[in-house]
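Everything below concerns the one structure shown next.
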Amino acid sequence: MQYTKEIKGDRASVKIYCDSFNERIRIDGYSGNLDEVNEMINKAAQEAAAEKVIIKSQREHLHYFIENGYELEAYINGYFHGSDAYFLAKFLTVKRKMSTGWEKSNRILTEVQNLKHEDKYPLYSYSLQRADIDHAERLAGLYKRVFPVYPVPLQDAKYVRKSIESDTIFLFVEKSGEIISAASAEIDKCLRSAELTDCATLPAFRGGGLMKQLLNGLEEELVKQEFYCAYTIARSLSFGMNAAFRQLGYRYGGRLVNNCYIYDKMEDMNIWWKDLSAL
């Protein structure tokens, strides 16, 4: 079960994303007295039997959370309406803190960081399309084929339809009536930031630059809507996805240990970000 709830105390409030599927909670917003914020988070983590707590912290509160047992995992430049966000984690079990793919992820990151940025992309005989609710069934079919396991139920057409109705932008490419590649931008109009996510390409069409075109198309749409920041949370074990964002000019922001179940297991995720205001 995955849902967001807001908790209000006497002197503080927190916005918590409860994610029992991935055995975690994530604090997407907080305000007021930090001691009361911390108490509410601890209580929520206990009630949810969470193995990991994630906080998107503002710069001025970084030291407070570190003093209360959190570790800095990553950052995103310009996330909070132009101000930086810091991803802090508190691990509540030993198993959740132990990464089994850390060394391989480091090797992939080193290879990716040696790649050069690309300004041009290959042209195809088919073009990018923006999805509406009528495309939800076919998008869900693509995600069902590509991802045996995914952090959110993208294989469910109802979930995809609800995401589109909630202003998530899906772009896709089709061939002979079949969607072969897609990606989305989950936007936050208040913060003026967006997460590029849900990247999927059928195996037969990988390696040709389709995903870079989709991501570039999403960027263009975000710039039109005056968003300041784009970021992604990519599988650290995926050379292709990390390479795509590196070559598109994104900067590495850190790694989230055992962040979520994706593909076929619990995995570490890399954060990449880009300053759209400079485009």
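The values are calculated or read from the model by the stated rules, or taken from the named source; none is laboratory data. Keep in mind it's a predicted model, so treat the numbers as computed, not measured. Please note: Cβ atoms are built from the backbone with ideal geometry, for glycine as well, and neighbour counts cover all protein chains shown. Heavy atoms of the whole protein, side chains included, go into the accessibility calculation; ligands, DNA and RNA do not. Shrake-Rupley method; radii C 1.70, N 1.55, O 1.52, S 1.80 Å.
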Notebook entry, point to check: Computed from these coordinates, which is semi-axes √(5λ) of the Cα gyration tensor in Å: (1) 31, 20, 19; (2) 26, 22, 17; (3) 32, 22, 16?
Noted result: (1)
Item checked: Sorted peptide list for 181-188, 90-97, 264-271, criterion being average Cβ within 10 angstrom, highest first -> 181-188, 264-271, 90-97
Next item on the list: Would you mind calculating the gained length between Q46 and H81 on full extension (0.36 nm times residue separation, minus the Cα-Cα distance), in nm to one decimal?
Entry: 9.5 nm
Item checked: Within the chain, helix-based [θ] at 222 nm, where runs of 4 or more DSSP H residues each add -39,500 (n - 2.57), nearest 500 -> -8500 deg cm²/dmol
Next item on the list: Could you check the simple spin-label distance between R11 and T110, using points 7 Å along Cα→Cβ, in nm with one decimal?
Entry: 4.9
Check: Considering only protein heavy atoms and a 1.4 Å probe, what is the carbon-and-sulfur percentage of the accessible area of the chain?
Finding: 49
Next item on the list: Could you work out how far apart the two model spin labels at K189 and K97 are, taking each label as a point 7 Å from the Cα in the direction of the beta carbon, and quote it in nm?
Entry: 4.2
Item checked: S127/I66 FRET efficiency (R0 41 Å; Cβ-Cβ; nearest 0.05) -> 0.30
Check: Given the pairs K90/K274; K97/K162; K43/K90; K97/K144; K189/K265, which are separated by over 22 angstrom at their Cα positions?
Finding: K90/K274; K97/K162; K97/K144; K189/K265
Notebook entry, point to check: With the other protein chains left in place, how much accessible area per residue, in square angstrom, belongs to the range 1-73 at a 1.4 angstrom probe?
Noted result: 53
